[in-house]
């Protein structure tokens with residue numbers, strides 16, 4: 001990161017870390033277009049690094065921008081600039097601190113969005129009502145140094161995926177510590193985290209890129225809608241997601257699938273058969 005590259009430029013030996021900031025700034029921005037309303041609900045975090053360490057070394061707070069001020073700046077930017085995308089909002093935050101305070105050497109903004117979607121009835125979108133749909137949380141980070149170009153990364157987190165067949169796990173290494181049986185037909189369930197970097201960003205349609213990655217994740221995980229696609233392991237599924245995404249969005253991407261493991265419950269003691277219909281959540 002830019003912070004890592006520049007963290008030691010003016011850093012006296014006793015000071016290990018001099019970045020500080022404000023976390024968990026929550027706000028709702030409403031944009032009104034006559035009767036039709038648009039919303040962005042976000043949580044933002046802002047961290048900065050100053051060009052001196054007097055507040056650490058000499059009890060001199062004259063250069064310190066209070067975290068309450070940082071929160072108010074974020075709220076004011078939401079009002080004045082709006083929130084078209086969270087990526088652009090993060091860039092606006094970075095630009096404000098770099099351009100407004102000559103003693104701010106570095107700024108990093110993290111923004112995540114609450115997944116609200118416009119309500120529809122019979123295909124007709126509602127003008128001002130929304131529903132929260134947990135199809136993954138969109139997040140981004142932007143960072144910038146004085147006299148430097150901003151860098152942006154985006155991502156998806158807490159996206160839970162599940163398919164009830166077309167998955168197995170066989171032929172893995174076994175030793176005396178291995179207790180898991182081989183499976184030719186299992187439930188594949190996971191929580192996805194992925195992120196990608198834009199590098200020095202210019203003229204990027206952030207919404208289009210995020211939507212494309214989201215669609216690639218769903219397509220690669222599930223396969224064709226009529227038959228699916230067999231997954232021999234979480235690792236192969238991760239690779240499928242990465243390769244499909246890279247084919248459409250040539251950005252460096254990191255994908256993690258955290259396993260949510262279900263196993264078939266033995267119901268014989270109740271005089272019942274269980275044809276893989278009832279499963280127990282064993283591991284998360």
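The values are calculated or read from the model by the stated rules, or taken from the named source; none is laboratory data. Remember, it's a predicted structure, so these values are computed and weren't measured experimentally. Because the Cβ atoms are built from the backbone with ideal geometry, glycine has one as well, and the counts that use them run over all protein chains shown.
Restricting 183, 118, 174 to those that are free of Cβ contacts under 8 Å to residues at least 60 places away in the same chain, touching a strand residue (DSSP E or B) at 6+ places or on another chain (Cβ under 6 Å) and surrounded by fewer than 15 Cβ atoms within 10 Å (Cβ to Cβ) reduces the list to 183. If the condition is being surrounded by 13 or more Cβ atoms within 10 Å (Cβ to Cβ) and in contact with a strand residue (DSSP E or B) (Cβ under 6 Å, 6 or more places away or on another chain), then segment 128-141 contributes 128, 130, 136, 137, 138, 139, 140, 141. Under the condition of being surrounded by 14 or more Cβ atoms within 10 Å (Cβ to Cβ) and closer than 15 Å to residue 193 by Cα, the residues counted in segment 260-284 number 1. Of the residues contained in segment 251-265, none is found to be out of contact with any strand residue (DSSP E or B) (no Cβ under 7 Å at 6 or more places or on another chain), outside the structural domain of residue 87 (by TED's automatic domain parsing) and free of Cβ contacts under 8 Å to residues at least 40 places away in the same chain. Taken together, 112, 144 contain a single residue that is touching a residue at least 60 places away in the same chain (Cβ under 8 Å), part of a strand (DSSP E or B) and under 26 Å from residue 190 (Cα atoms), which is 112. Of note, residue 162 does not satisfy the criterion of being assigned by TED's automatic domain parsing to the domain that holds residue 275, farther than 28 Å from residue 115 by Cα, surrounded by fewer than 18 Cβ atoms within 10 Å (Cβ to Cβ) and modelled with pLDDT of 95 or more. As a summary of the residue check, residue 102 satisfies the conditions (1) at pLDDT 95 or above; (2) farther than 22 Å from residue 152 by Cβ; (3) in contact with a strand residue (DSSP E or B) (Cβ under 8 Å, 6 or more places away or on another chain); (4) in a loop (DSSP other than H, G, I, E, B) except for the one numbered (3). Taken over segment 52-103, the residue count meeting the criterion of being free of Cβ contacts under 8 Å to residues at least 12 places away in the same chain, surrounded by 12 or more Cβ atoms within 10 Å (Cβ to Cβ) and under 14 Å from residue 20 (Cβ atoms) is 2. Within segment 38-80, the set of residues being farther than 27 Å from residue 27 by Cβ and not in a loop (DSSP other than H, G, I, E, B) comprises 54, 55, 56, 57.
So that you can scan it fast, the table gives a plain yes or no per residue for (1) part of a strand (DSSP E or B); (2) modelled with pLDDT under 95; (3) within 18 Å of the chain's Cα centre (by Cα):
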| residue | (1), (2), (3) |
| --- | --- |
| 199 | yes, yes, yes |
| 213 | no, no, yes |
| 255 | yes, no, yes |
| 266 | no, yes, no |
| 274 | no, yes, no |
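Tell me which residues, restricted to segment 127-141, are touching a helix residue (DSSP H, G or I) at 6+ places or on another chain (Cβ under 8 Å) and in a strand (DSSP E or B). 138, 139, 140, 141, listed by residue number.
When you check residue 238 against the structure, is it assigned to a helix (DSSP H, G or I), in contact with a strand residue (DSSP E or B) (Cβ under 6 Å, 6 or more places away or on another chain) and buried (at least 16 other Cβ atoms within 10 Å of the Cβ), yes or no? The answer is yes for residue 238. Would you be able to say whether some residue in segment 269-278 is in contact (Cβ under 8 Å) with a residue 12 or more places away in the chain, in contact with a helix residue (DSSP H, G or I) (Cβ under 6 Å, 6 or more places away or on another chain) and not assigned by TED's automatic domain parsing to the domain that holds residue 134? Within segment 269-278 (the criterion being in contact (Cβ under 8 Å) with a residue 12 or more places away in the chain, in contact with a helix residue (DSSP H, G or I) (Cβ under 6 Å, 6 or more places away or on another chain) and not assigned by TED's automatic domain parsing to the domain that holds residue 134), the answer is no, since none of the residues qualifies.
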